[in-house]
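The structure under discussion appears below in the form of structure tokens.
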């Protein structure tokens, strides 16, 4: 891991009128690190993620990102063109519902190729070869390349969404409940795949989940949120095995044992 | 034309024409950019060329000679009615000859004869937004134009190749104007796209229902989008025109009977008639000796 963080978040807050979305969130994320944000529904996880990914303007605070040239830039001071370019090249965003992140009416190949074309790739054969390669990496059979995602199962759609995001070799990927809505065996395969991709590509990732098992498997570090505040942060194993904050203790002890 | 004395010249009032001219000037200043304008109700339904008629009404003068074509033909309903409309309301000279016209209003074709400096081609446009069927949000497409994010256009071409093995878009084929804006050339066949490039004529596009005007000034670069390994190609026809024997013009299929018989003739009627008058014959044209009897 590099000695400079990739993302610096300081005193980030988001208010919905007088209600708190998230308040006073400060943390740093290093290259290659996977950070899980856990907490119950309504605790502000997704609000925080959207504020980080510039999908929702925060009320206060600042988010700085280290660009490929090594300079830290305040995300909310970038021009819209720069921000959108960043979002489709250096970042990825995996939605809980794959239909939100995919174009359902164009083929799987075009879904994967869209980002390449957006950054100026104009060679059909190369785009298709890259798409085929990526479909293979997310375990989608090559002969499904011309099928629309509508014809795919939930797990396949989610894997396609991941391929679509990773094709431009991003450095940072945001994931909002990536395994939500999948049954356990499909979830296990997806987690396995994600874990492999993250370590192979040296991705940094911020994963929002309410599922502590997902956090345990994927993340190095985790933050526990409650009512818009960070109540505990630390290495994943430490937080899960030796929770300090009362809320975290409650959360960990709520896991059903089979 | 005393019974029409209450109409202003070319139907629209002067304030409206002024508003449309301002939009046209802006469109010419920013080639390919869609300028919003306050489109008026015209005495014809949307989809019949209300945008084109308003643009023509705004630019036409008493000395102009007007030609109106519909799919290349001067004698179809749409062309005949619009021509009659301007004859009545502006009392201008009309013609079917491409070379004699100063303003040509067209629906979905560019004449075969090369256009000249000083001529204006007015297109009737149903859907001005090339990204419409790829991105339904108008706010988003405007942003994409502003930020020059045109990757999505190539997604459509990619889909064509993936499904059909070649770029199957044959009309409304997207072009990039002056290296900046991606533009829908109205539903002209892609056969006509190369004619837009560096044309000496002024090209104006009016979309009445969608309330947009855009333009290509004379001698402007117009490039059809494509892939490096699937370059842009225009349609070719295996046989010449059945009436005038022209090769390399755009042909329409005309059904002759209910047994599958058909003939291919030039869609540009003026071009075809001109060639026939010069003695060119296709394999189905009437024998001049028989026709004379």
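What to note about this one:
- Residue check, residue B:128 surrounded by 17 or more Cβ atoms within 10 Å (Cβ to Cβ) and either within 11 Å of another protein chain (Cβ to nearest Cβ) or touching a helix residue (DSSP H, G or I) at 6+ places or on another chain (Cβ under 7 Å) (or both): no
- The set of residues in segment A:100-128 that are out of contact with any helix residue (DSSP H, G or I) (no Cβ under 7 Å at 6 or more places or on another chain) and farther than 17 Å from residue B:157 by Cβ contains only A:100.
- Test: residue B:106 is within 30 Å of residue B:182 (Cβ to Cβ) and not in a loop (DSSP other than H, G, I, E, B): yes
- Single unsatisfied condition, residue A:182 versus (1) free of Cβ contacts under 8 Å to residues at least 40 places away in the same chain; (2) under 13 Å from the mean Cα position of the chain (by Cα): (2)
- Just one of the listed residues (B:181, B:150) is assigned by TED's automatic domain parsing to the domain that holds residue B:29 and under 30 Å from residue B:103 (Cβ atoms), namely B:181.
- Selection within segment A:132-153: residues that are part of a loop (DSSP other than H, G, I, E, B) and surrounded by 15 or more Cβ atoms within 10 Å (Cβ to Cβ). The member of this set that is nearest to the other protein chains (Cβ to nearest Cβ) is A:145.
- Scanning segment A:213-256 for residues that are part of a strand (DSSP E or B) and more than 21 Å from residue A:46 (Cβ to Cβ) gives A:234, A:235.
- Conditions (1) at pLDDT 95 or above; (2) surrounded by 18 or more Cβ atoms within 10 Å (Cβ to Cβ); number of the one not met by residue A:240: (1)
- Criterion violated by residue B:194 - all others in (1) more than 14 Å from chain A (Cβ to nearest Cβ); (2) surrounded by fewer than 17 Cβ atoms within 10 Å (Cβ to Cβ); (3) closer than 18 Å to residue B:213 by Cα satisfied: (3)
- Enumeration of residues in segment A:90-131 that are away from chain B (no Cβ under 11 Å), assigned to a helix (DSSP H, G or I) and surrounded by 16 or more Cβ atoms within 10 Å (Cβ to Cβ): A:98, A:101, A:130
- Residue B:185 vs. criteria outside any helix (DSSP H, G or I), more than 14 Å from every other protein chain (Cβ to nearest Cβ), under 15 Å from the mean Cα position of the chain (by Cα) and closer than 30 Å to residue A:128 by Cβ: yes
- Positions within segment A:1-50 being surrounded by 14 or more Cβ atoms within 10 Å (Cβ to Cβ) and without any contact (Cβ under 8 Å) to a residue 40 or more places away in the chain, in sequence order: A:28, A:50
- Only listed residue being modelled with pLDDT of 95 or more, farther than 18 Å from residue B:219 by Cα and part of a loop (DSSP other than H, G, I, E, B), chosen from B:129, B:135: B:129
- The number of residues in segment B:20-37 that are touching a residue at least 60 places away in the same chain (Cβ under 8 Å) and in contact with a helix residue (DSSP H, G or I) (Cβ under 6 Å, 6 or more places away or on another chain) comes to 3.
- Only listed residue being out of contact with any helix residue (DSSP H, G or I) (no Cβ under 8 Å at 6 or more places or on another chain) and farther than 30 Å from residue B:74 by Cβ, chosen from B:102, B:141: B:141
- When B:106, B:76 are screened for being in the same structural domain as residue B:196 (by TED's automatic domain parsing), under 20 Å from residue B:48 (Cβ atoms), surrounded by fewer than 17 Cβ atoms within 10 Å (Cβ to Cβ) and in contact with a strand residue (DSSP E or B) (Cβ under 7 Å, 6 or more places away or on another chain), only B:76 passes.
- Filtering segment B:45-69 to residues that are buried (at least 23 other Cβ atoms within 10 Å of the Cβ) and within 14 Å of the chain's Cα centre (by Cα) leaves B:49, B:51, B:52, B:53, B:55, B:56, B:67, B:68, B:69.
- Residue check, residue B:144 in contact (Cβ under 8 Å) with a residue 60 or more places away in the chain and either away from chain A (no Cβ under 14 Å) or farther than 28 Å from residue B:251 by Cα (or both): no
- Count of segment A:195-212 residues which are in a helix (DSSP H, G or I) and touching a residue at least 24 places away in the same chain (Cβ under 8 Å): 4
- Single residue of segment B:218-230 satisfying the filter (touching a strand residue (DSSP E or B) at 6+ places or on another chain (Cβ under 9 Å), in a loop (DSSP other than H, G, I, E, B) and more than 10 Å from chain A (Cβ to nearest Cβ)) that is nearest to residue B:120 (Cα to Cα): B:218
Table: residues versus (1) at negative phi; (2) in contact with a strand residue (DSSP E or B) (Cβ under 6 Å, 6 or more places away or on another chain); (3) not assigned by TED's automatic domain parsing to the domain that holds residue B:156.
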| position | (1), (2), (3) |
| --- | --- |
| B:193 | yes, yes, no |
| B:197 | yes, yes, no |
| B:206 | yes, yes, no |
| B:215 | yes, yes, no |
| B:232 | yes, yes, yes |
| B:238 | yes, no, yes |
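- Segment B:147-173 - residue that is assigned to a loop (DSSP other than H, G, I, E, B) and facing chain A (nearest Cβ under 7 Å) and, of those, nearest to residue A:79 (Cα to Cα): B:147
The values are calculated or read from the model by the stated rules, or taken from the named source; none is laboratory data. Quick caveat, the model's predicted, so the values are computed rather than measured. For neighbour counting, all protein chains shown are included, and Cβ atoms are generated from backbone atoms with ideal geometry for every residue, glycine included.
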